[in-house]
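Student: Provided herewith is a single structure, encoded as C-alpha cells, for subsequent inquiry.
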Amino acid sequence: MVVTGRLAAAAVLAALFVTLALPSWLGVLLATLALIGLIAADLLLLGSPGALELSRAPVTTVRTGRSIDVELAVLNGGARPVRGTLWDDWPPSVHARHRTHALNLPPNTRIRLHTELTPDYHGDRVAGPVTLRLLGPLGMAGRQVRREVPARLRALPPFRSERLLASKVRQLQHLEGRNTTTIRGQGTEFDSFREYVAGDDVRTIDWRATARANDVLVRTWRPERNRHVVMLLDTGRVSAGRVGDGTRLDATIEAALLLGGLAASGGDSVDLLAYDRRLRTEVRGIGGKRLQIKLMHALAGLTPELVDTDYQGVLRATLQRARRRSLVVWFTHLDAATVQEGLLPVLPVLTERHRVLVVAVTDPEVAAAATRRSGLDDLYAAAAAENVIAEHAVARETLRRMGIRVLAEAPDRLPEALADEYLELKRTGAL
C-alpha cells in the first residue's frame, strides 16, 4: 500500500480540527476514524492491478547512438477506471527518457505509452520491471506493484563507414567491367574477345578464334567473382585494448561490416567467425543484400573476453569451414607475443590453402607520443612509443616475408584502407 501527500494534508486538517474544535481523546478518535475511512474508501474503489494487461514487442532494434521509441501497450480489462503512474524501467546505458507515464484508463480502454531510448554501446539490453502505482478516486492511498514484461533492445553497431560503401561498390563495378573495359591479370576469369591492337601481349592472342575471324583476336579478362571471403575476429584479451574512443574490437567490427558489404556487392560469399577460447558468433555462406543485416545482428552482442586466444582452435574452425581456396582476413594485433606465440605457428598451414590478409588496429596516441620531445616525461614516453612502433614493424616484415599481406591502420582509417586493399586484390586478380 502507498499513501500520497493528500493524506498528509488531510491529517493536518484533522489535527487542526482536534486542536481547535474538539481538543479531547474523543476528537482524536473521530479524526483517526475519518482518516481510516478515507483510506479504506480509496482502497475499496481502487482499480485492480491484475486487470491491467501489459504487452510490448519482444525485440526492438536500433543503431548505436540513435534514439528510438519503445512502445508499451496497457489495457484496462477491469470494470473500474484505473488512475495512477507507470514507470518503465530500463538499464542506465540506454539513457531512457520520458519513462514516467500518467495513467487514467476507463474500463476496456487501451493506450500505448512510449519511452525514448538512446543506447551508447552495441549489444542487447533487457528491460527491467514495469512499476505501477494505482490510486483510488480520492487520490490519498493506493497500491504499488511490479510487473515483468519481457523485452530486449538490440543496439546494432553504429557502422559509421557505411557512407563509403556506395563509392567502393562503384569502384568494384568498374573493376569488374560493368562500366568500362575489362582487364587482364593472372588468375582472372575469361570475359570476351576483341581485336588485337599494337602493344597487346602476343600471349593473349587466341589463335582458334583468329582462324575463324577476319582479324587477330585477343582474350580479355575480368577480376574473378563468386569468391569466398572468411573474416576472423580475434575476441581475446588483445581486442579489449582501448584505441581512440573505443576498443580494438569496435574498430575491427566497423571494418568487417564495410568489407562484408563490399564483398557481397561483388558477388562473393562471406563467412565470419569470432573466436577466443571458443566460437563466439558465426555467419556462414551469406551473400547479397541479406549479408549486411546478418553481420550487424551477429556482431551486436560481441564484446572482448579477457582470455588468451586459442589460435590452434581458430585454425581448426577456419579449415573446417573454408574448404575451397579463400581470402582469409584475420583481425588481430601485431604485438610480439601475439605474432610469435599465436600467429606464426598456425599461419604456414593456413597460407598453404588460402590467401591470408592480417589486419591490425594501430593506436594514434602511440604515434603522437613518439613525436613529442618537450620534457623529460615526454622523452620517456617517446622512447616507449618508438619501441612499440619498431616491434610492430618487425612483426609486419616477418609476416610479409611469409607471403602474407599485412594492413595496420588507425581506427578511423582502417575501414576505408581495408576496402581499398580488397579492391587492389580484385584488380590484380590475386584472390
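The values are calculated or read from the model by the stated rules, or taken from the named source; none is laboratory data. Bear in mind the structure is a predicted one, so any value in this text is a computation, not a measurement. Virtual Cβ from ideal backbone geometry, glycine too; neighbours counted across all protein chains shown. Side chains are part of the model used for accessible areas, which takes the heavy atoms of the whole protein and leaves out ligands, DNA and RNA. Shrake-Rupley method; radii C 1.70, N 1.55, O 1.52, S 1.80 Å.
Student: Using amide H atoms built 1.01 Å from N in the peptide plane, name the residues 5+ places from residue 128, or on other chains, whose amide H lies under 5 Å from its own.
Tutor: Amide H neighbours of residue 128: 89, 90.
Student: Now for a separate question. On a straight-distance basis, which lysines could pair with residue 168 in a cross-link, Cα separation under 16 angstrom, same-chain partners fewer than 8 positions away excluded?
Tutor: Answer for residue 168, where 16 Å is the Cα cut-off: 289, 426, listed by chain and number.
Student: Only Cα pairs within less than 10 Å get springs; with that Gaussian network setup on the chain, which residue of 26, 407, 262 has the largest fluctuation?
Tutor: Fluctuation is largest for 26.
Student: Residue by residue through the range 83-89, which ³J(HN,Hα) values in whole Hz follow from phi under the Karplus form 6.51 cos²θ - 1.76 cosθ + 1.60 (θ = phi - 60°), with glycine and proline marked x?
Tutor: 10, x, 9, 10, 10, 9, 8
Student: Which of 384, 411, 345 sits closest to the plus end of the dipole of the range 340-421, meaning its Cα is farthest towards the positive end, when Lys and Arg get +1 and Asp and Glu get -1 on the C-beta?
Tutor: 345
Student: Probe radius 1.4 Å, ligands and nucleic acids ignored: give me the carbon and sulfur share of the accessible area of the range 224-344 as a rounded percent.
Tutor: For the range 224-344, the apolar C and S fraction of the accessible surface comes to 45 percent.
Student: What Kirkwood hydrodynamic radius, in Å, does the range 204-336 give when the mean of 1/r is taken over all pairs of distinct Cα atoms and then inverted?
Tutor: Computed over Cα pairs of the range 204-336, the Kirkwood hydrodynamic radius comes out at 16.7 Å.
Student: How big is Rg to Rh over the range 234-273, alpha-carbon atoms, Rh as the Kirkwood inverse-mean-distance radius?
Tutor: Expressed as Rg/Rh, it is 1.09.
Student: Roughly how many nanometres apart are two label points built 7 Å out from the Cα toward the Cβ at residue 344 and residue 303?
Tutor: 3.5
Student: Can you give the extra length, in nm with one decimal, that the chain gains between residue 148 and residue 424 once fully stretched, where that is 0.36 nm per residue apart less the Cα-Cα distance?
Tutor: 94.0 nm
Student: Follow-up question, since we're still on this one. Run the simple label-point estimate for residue 371 and residue 95 please: 7 Å along Cα→C-beta, distance reported in nm.
Tutor: Each label point is offset 7 Å from its Cα along the Cβ direction, giving 3.1 nm.
Student: Let me ask another. Run the helix sum for the chain: -39,500 (n - 2.57) per DSSP H stretch of 4+ residues, divided by residue count, reported at 222 nm to the nearest 500 deg cm²/dmol.
Tutor: Roughly -10500 deg cm²/dmol at 222 nm, from the helical runs in the chain.
Student: I've got another one for you. What is the ratio of the Cα radius of gyration of the chain to 2.2 N^0.38 Å, with N the residue count, to two decimals?
Tutor: 1.51
Student: What is the list of residues in the range 102-141 whose amide nitrogen lies under 14 Å from a point 7 angstrom out from the Cα of residue 48, following Cα to Cβ?
Tutor: Only 107-108 pass the distance filter.
Student: Rounded to the nearest whole Å², what accessible area per residue is found for the chain with the 1.4 Å probe?
Tutor: 50
Student: What distance in nm lies between label points placed 7 Å from Cα along the C-beta direction at residue 214 and residue 21?
Tutor: Taking the simple label geometry, residue 214 and residue 21 are separated by 12.0 nm.
Student: Size of the dipole of the range 286-427 about the Cα centre, Lys and Arg at +1 and Asp and Glu at -1 on the beta carbon, nothing else charged, in debye to 20?
Tutor: Using only the charged Cβ atoms, the result is roughly 1300 debye.
Student: Determine ³J(HN,Hα), in whole Hz, for all residues of the range 368-377 in sequence, where each value follows from phi through the Karplus function 6.51 cos²θ - 1.76 cosθ + 1.60 and θ = phi - 60°; x replaces Gly and Pro.
Tutor: Whole-Hz 3J(HN,Hα) from phi for the range 368-377: 5, 5, 5, 9, 8, 9, 6, x, 5, 4.
Student: Please find the FRET efficiency linking residue 323 to residue 126, where r is the Cβ-Cβ separation and R0 is fixed at 41 Å, and quote it to the nearest 0.05.
Tutor: The formula returns an efficiency of 0.60 here.
Student: Give me a comma-separated list of calculated 3J(HN,Hα) values for the range 250-257, in order, Karplus coefficients 6.51, -1.76, 1.60 applied at θ = phi - 60°, integers in Hz, x for any Gly or Pro.
Tutor: With the stated coefficients, the range 250-257 comes to 4, 5, 6, 4, 4, 5, 5, 5 Hz.
Student: Shifting gears a bit: Could you tell me the center-to-center distance, by alpha carbons, between the range 67-97 and the range 134-168 in angstrom?
Tutor: 9
Student: Using only Cα atoms, tell me the angle between helix 290-300 and the longest principal axis of the chain; keep it within 0 to 90° and round to the nearest 10.
Tutor: The angle comes out near 60 degrees.
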